[in-house]
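In what follows, a single structure is set out as structure tokens and then discussed.
The values are calculated or read from the model by the stated rules, or taken from the named source; none is laboratory data. Source: prediction; values computed, not measured. Neighbour counts are summed over all protein chains in view; Cβ atoms, including those assigned to glycine, are modelled from backbone coordinates with ideal geometry. Note: accessible area is taken over every heavy atom of the protein model, side chains too, but ligands, DNA and RNA are not part of it. Shrake-Rupley method; radii C 1.70, N 1.55, O 1.52, S 1.80 Å.
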Amino acid sequence: MEKKTVLNVSNLSVTFRMYSKGMRKGGLKVISNLSASVREGEILAVAGSSGSGKSLLAHAVLGILPRNAIVTGEIEYMGEALTSARLTKLRGREIALVPQSVEYLDPLMKVGKQVSDDKYAVKRAFERYKLDESVMKLFPFQLSGGMMRRVLCATAVVTGAKLIIADEPTPGMSEELAARAMKHFRDLADAGAAVMLITHDIDLALRYCDRVAVFYAGTTVETALASDFGNIDNLRHPYTKALWRAMPQNDFAPTPGTQPYAGNLPDGCLFAPRCDRVTEECTRAAPESRTLRNGEVSCIYAD
Amino acid sequence: MLIEAKNIKFGYSKSKPVINGVNFAADEGERVALVGPSGCGKSTLSQILAGCLNPQSGEVLFENKPLPRKGFCPAQLIYQHPEQAINPRLRLNATLREAWTPDAVFLDEIGIAPEWLNRYPAELSGGELQRFCVARALAPQTRFIIADEMSTMLDVITQAQIWELMLRQIERRGLGLLVVTHSTELAARVCSRIVRFESLTRQGRSTAV
């Protein structure tokens, strides 16, 4: 049976308007040609280094970018454009966010109340994350970092959302707790939810996700199956291969150079300055995304 | 022994010690990984070994003498968050020179671009700042390096970059190394033996990898 696409983002661009010199206005393009989609019953891991636009994607989908952001491109939820009117209705009900920082909890409100007004629903959600019932009556400052993370996860599952966007949900958790949190996301996906998991811990994500979208400098370079990471020859883009080679359990071999800054991007392919297969062709135009072996890749030489 | 911690006790209140009766020892040129659940006291021990915290009881010996109270400490600590370990109001040039003045060859090897020296910390990324912390810790008087989750917040490529250049220096100069990490893969890659924190409260030695 064909699984329905819950969220489809295509050709998303985000530009921040700001003043450059005096009153002159400039734009800083932080995301360009970003695409990603999540289906029912699936976990999509979004991987990439910091500053590659992972969190901005989450904030764009939820419509919580700062006011000076200009968003272009399509964001579709259940096959229809996600307009701001629709978003207001769905946000917190069908679309839930597990935010990146524990600072998103209200410091002056007991955590049980923050998760939901429905006490029984909170109790069930807390049981799931092995939080004691007594925790409901505590304030955020009385909890450890790992407990706050679990409360944040509980706020997302309590809604019974169809789309869960989790932004770095595991740092600060021990290996065992992180594995348990991932297992819960897996359970939610198996029950039919679509989960977008933003992380830079690809190692952990690979054990639980179905597909991986790899971001570099604000654009999608590759979408691969999680199983493709078992063998470097199955990966498509040179950057994804570089990630694979840098993992401690593989070669632990670094690729020189750093990700270019927004506002100082090279022409053509953004990875070209660090790529060992670069030719003049690469610097001419940004490569189009194309389908290759059940995945997507933006590289003219990928095979 | 190059560095030795004997029967260390430390806590923020007298009645509730964070760590108690901890013994640890490492030899010259040895590369040790320290693993254990979060909150067990790995970072506290790291700070005591580097002389940043004073233990309530017990002592840290460096080449059988107490760790120097003044001047340059031969055991240097590299933190998890470089942005918190660097003075935000100093240009990086000044931060680096607090420890020593490296030459251009060294800076090139450690991957620091000359134009970064005139910038403030807020103008560099986490990975770039961490290179300054590594360069600062690798002063000529340094004999032992403690890396406390030094690469956890970096992406895997930057992590591999930093470790490659650090291991090159450590090998060349025969420095000792203690790595605090949650990643068993990283520990197996970098270290010659792995110590579980729990085992330190009984005896100092541990199993080889």
Problem set entry | The lone exception for B:Arg172 - which of (1) touching a residue at least 24 places away in the same chain (Cβ under 8 Å); (2) away from chain A (no Cβ under 12 Å) it fails | (1)
Exercise. Quick one: in segment A:240-268, which of the residues that are over 24 Å from B:Ile110 (Cβ atoms) and outside any loop (DSSP other than H, G, I, E, B) is nearest to the chain's Cα centre (by Cα)?
Worked result: A:Thr240
For this session: Take B:Thr142 and decide whether it is part of a loop (DSSP other than H, G, I, E, B) and either more than 17 Å from B:Ala99 (Cα to Cα) or hydrophobic (A, V, I, L, M, F, W, C) (or both).
Result: no
Seminar exercise, completed: The residue that is surrounded by the most Cβ atoms within 10 Å (Cβ to Cβ), considering only those in segment A:203-221 that are among the charged types (D, E, K, R) and under 14 Å from the mean Cα position of the chain (by Cα), is A:Arg211
For this session: Kindly check whether there is at least one residue in segment B:35-49 that is open to solvent by 40 Å² or more (accessible area, probe 1.4 Å), touching a Ser or Thr at 6+ places or on another chain (Cβ under 7 Å), in contact (Cβ under 8 Å) with a residue 40 or more places away in the chain and of a type in the set (Gly, Ala, Ser).
Result: yes
Seminar exercise, completed: Restricting attention to segment A:1-30, the residues that are hydrophobic (A, V, I, L, M, F, W, C) and farther than 27 Å from A:Ala161 by Cα number exactly 5
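Okay, residues lined up against (1) more than 14 Å from every other protein chain (Cβ to nearest Cβ); (2) in contact (Cβ under 8 Å) with a residue 40 or more places away in the chain; (3) assigned to a helix (DSSP H, G or I); (4) within 21 Å of A:His237 (Cβ to Cβ):
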residue: A:Ser37; (1), (2), (3), (4): yes, no, no, yes
residue: A:Ser50; (1), (2), (3), (4): no, yes, no, yes
residue: A:Thr72; (1), (2), (3), (4): yes, yes, no, no
residue: A:Glu76; (1), (2), (3), (4): yes, yes, no, no
residue: A:Ala96; (1), (2), (3), (4): yes, yes, no, no
Problem set entry | Those residues of segment A:102-135 which are open to solvent by 80 Å² or more (accessible area, probe 1.4 Å) and part of a loop (DSSP other than H, G, I, E, B), in sequence order | A:Pro107, A:Leu108, A:Lys110, A:Asp117, A:Lys130, A:Asp132
Problem set entry | Single condition A:Leu270 does not satisfy, out of (1) open to solvent by less than 30 Å² (accessible area, probe 1.4 Å); (2) within 14 Å of another protein chain (Cβ to nearest Cβ) | (2)
Seminar exercise, completed: Within segment A:16-50, residues under 12 Å from the mean Cα position of the chain (by Cα), open to solvent by 30 Å² or more (accessible area, probe 1.4 Å) and more than 30 Å from A:Gly192 (Cβ to Cβ) come out as A:Ser50
Seminar exercise, completed: Log entry, pairs with first residue in segment B:151-163 being facing chain A (nearest Cβ under 7 Å), second being aromatic (Phe, Trp, Tyr) and part of a loop (DSSP other than H, G, I, E, B), beta carbons closer than 7 Å, six or more apart or on different chains, reads B:Ala160/A:Phe252
Problem set entry | Filter result for B:Ala113 (within 12 Å of chain A (Cβ to nearest Cβ), touching a Phe, Trp or Tyr at 6+ places or on another chain (Cβ under 9 Å), open to solvent by less than 30 Å² (accessible area, probe 1.4 Å) and without any contact (Cβ under 8 Å) to a residue 12 or more places away in the chain) | no
